[in-house]
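What follows is one structure encoded as structure tokens, with my remarks underneath.
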Amino acid sequence: MLALFLQERRGWRAGFVQMAFDAIVLFASLFVFDLGRVGMSVLSAGTMNLVLVLNHRPGRYAGY
């Protein structure tokens, strides 16, 4: 929701905003989980954010 809000108000791409939030969370998880588990999370978060960056553009779902 915050990524979409910032995209509408600030013009920031939702995929990049979400990627930044994911990077912060994954960095913090390095202090709690082992490296293998965090590595798999990085791979999956990167894949999902790439899909979001490529497919969710401003105005795409506006109906025109």
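Here are some notes:
- Qualifying residue in the stretch 12-31 (condition: in contact with an Asp or Glu (Cβ under 8 Å, 6 or more places away or on another chain), at pLDDT below 85 and assigned to a loop (DSSP other than H, G, I, E, B)): no
- Those residues of the stretch 1-41 which are crowded, with 16+ Cβ neighbours inside 10 Å and under 19 Å from Leu54 (Cα atoms), in sequence order: Ala3, Leu6, Gln7, Arg13, Ala14, Gly15, Val17, Gln18, Met19, Asp22
- Listed by first and then second residue, the pairs linking a residue in the stretch 22-35 that is farther than 18 Å from Thr47 by Cβ and touching a residue at least 60 places away in the same chain (Cβ under 8 Å) to a residue that is in a helix (DSSP H, G or I) and among the aliphatic types (A, V, I, L, M), with Cβ atoms under 6 Å apart and 6 or more places separating them unless they lie on different chains, form an empty list.
The values are calculated or read from the model by the stated rules, or taken from the named source; none is laboratory data. The shown structure was predicted, so the numbers you read here are calculated from the model rather than taken from an experiment. Ideal geometry is used to build each Cβ from the backbone, glycine not excepted, and the neighbour counts take in all protein chains shown.
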